[in-house]
Amino acid sequence: MDKILACKEHVEEALDDAVYGGFELPVLDQLLPVDNSKQKCGYCEKDAIYVVSNKHSTTI
């Protein structure tokens, strides 16, 4: 799991999943309005506004 996309409602759940999923040090970044238009939350169908990633991830 390299990253988790989350809306405002599910950001805490995404951080919990990152910690329990083995992310060494989860990093929370906010997506730019231009970026989130095509990316959906991993927990619902709302637009994602946050991305939780591993500190070593190259996806951001």
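With each label point set 7 Å from Cα along the Cα-Cβ vector, what nm distance links E45 and L25?
3.9 nm
So who's got an amide H within less than 5 Å of the one on Y43, skipping anything under 5 residues away but keeping other chains? H placed 1.01 Å off N, in plane.
Under 5 Å from the amide H of Y43 lie the amide H atoms of C7, each far enough along the sequence or on another chain.
Under 16 Å between alpha carbons, and skipping anything fewer than 8 positions from K3 in its own chain: which aspartates and glutamates qualify?
Cα-Cα hits under 16 Å: E12, E13, D16, D17, E24, D29, D35, D47.
We did not get these values from a lab; they are worked out from the coordinates using the rules stated. Just so you know, these numbers come straight off a predicted model, no measurement behind them. In this analysis, Cβ positions are derived from the backbone assuming ideal geometry, glycine residues included, and neighbour counts consider all displayed protein chains.
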